[in-house]
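Visitor: Before I ask anything, here is the structure I am working with.
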Amino acid sequence: MRIWSLIFSLLLSHSILAKNLPDSIDITYDLSFEKKPLGSIDVKYRKDKSRYKIIASSNFLGAMNLLGNYQLISSGHIKGKHYFPDTIMRKNLKKNRQTITTIDYNTEVINIKSEKKIKEYQLKKSTQDVLSYFFEFNGFEKLGESHTFFILDSHDYKKYTYRKIKEENLKINDRFIECIKYQGRVNEEELTHDIWLSKKNHIPVRIITPTPIGLVVDQIISKGNIFNLL
């Protein structure tokens, strides 16, 4: 399953300043389809000076079990408030397979290796992976009307383009969270996905996205030590 993204900006005429994040963050997102539970995703973020590590683990239910549970691990360095992943590991726990991506910023080359496949890409500006982008949002002091960046997901390396739809208050766990909603598009594909970012720290609060098995999954933050900071 894929979780989607954002970067670069045309700044808003009014300021929406992101607050700094703590060094240790735990987040749980609940997954559903037409209000039927599909499991959850646990995200653990740790920062030590200029290095970071993010681990996401799925706990799928129902139809999502067809995808098989996975674990994603992104690690890299932080410069200013921006994230530069250098190693990404994707583990398919059902099939006991893994894909390892490494980024060499000196040669500007991306290498992706799995059991049966090897790929190489030339590094593009504003490159993130499907985990680091969650926190790269926070690196922007102001969110813009549109954003574009490049996302690594398994063997894919695609352009994601976002445009602002509206500001909206989402009710989650009996409280309202001020959000900015964006519509995203991958390359020139017809299907789009929606993402709601917290106005306070730009962390994704809700994501609605299609999956490879035809379900449109609603992913909503449900708990974690970041919850009261949204």
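The values are calculated or read from the model by the stated rules, or taken from the named source; none is laboratory data. Computed from a predicted model, the values in this text were never measured in an experiment. Cβ sites come from the backbone with ideal geometry, for glycine too, and all protein chains shown count toward neighbours.
Visitor: Restricting to region 113-138, count the residues that are within 25 Å of I41 (Cα to Cα) and out of contact with any strand residue (DSSP E or B) (no Cβ under 8 Å at 6 or more places or on another chain).
Guide: 1
Visitor: Consider region 81-138. How many of its residues are loosely packed, with under 14 Cβ neighbours inside 10 Å, touching an Asp or Glu at 6+ places or on another chain (Cβ under 9 Å) and of a type in the set (D, E)?
Guide: 1
Visitor: May I pose another question? Sort out for me the strands (runs of 3 or more DSSP E) sitting completely within region 10-119 that have 3 or more residues that are in contact (Cβ under 8 Å) with a residue 24 or more places away in the chain.
Guide: So the answer is 24-33, 36-48, 51-60, 70-79, 82-92, 97-104.
Visitor: Need the failing condition index for S126 against (1) within 29 Å of G224 (Cβ to Cβ); (2) without any contact (Cβ under 8 Å) to a residue 60 or more places away in the chain; (3) small (G, A, S), just the number.
Guide: Only one criterion in (1) within 29 Å of G224 (Cβ to Cβ); (2) without any contact (Cβ under 8 Å) to a residue 60 or more places away in the chain; (3) small (G, A, S) is unmet by S126, namely (2).
Visitor: Continuing with the same structure: Do you know which residues across region 143-170 are assigned to a loop (DSSP other than H, G, I, E, B), in contact (Cβ under 8 Å) with a residue 60 or more places away in the chain and under 18 Å from the mean Cα position of the chain (by Cα)?
Guide: Answer for region 143-170, where residues must be assigned to a loop (DSSP other than H, G, I, E, B), in contact (Cβ under 8 Å) with a residue 60 or more places away in the chain and under 18 Å from the mean Cα position of the chain (by Cα): L143, S154.
Visitor: Another question about this same structure. Filter region 81-107 down to residues that are touching a strand residue (DSSP E or B) at 6+ places or on another chain (Cβ under 6 Å) and among the charged types (D, E, K, R) and give me whichever is farthest from I27 (Cα to Cα).
Guide: Checked region 81-107; the qualifying residue farthest from I27 (Cα to Cα) is D86.
Visitor: Here's a follow-up. I'd like the full set of residues that are within 19 Å of K19 (Cβ to Cβ) and surrounded by fewer than 20 Cβ atoms within 10 Å (Cβ to Cβ), limited to region 174-198.
Guide: R175, F176, E178
Visitor: Which residue, of L66, L93, L61, is modelled with pLDDT under 95 and within 19 Å of L131 (Cβ to Cβ)?
Guide: Criteria check complete, one pass: L93.
Visitor: Could you list, in sequence order, the residues of region 189-203 that are free of Cβ contacts under 8 Å to residues at least 60 places away in the same chain and more than 16 Å from G144 (Cβ to Cβ)?
Guide: E189, E190, L191, T192, D194
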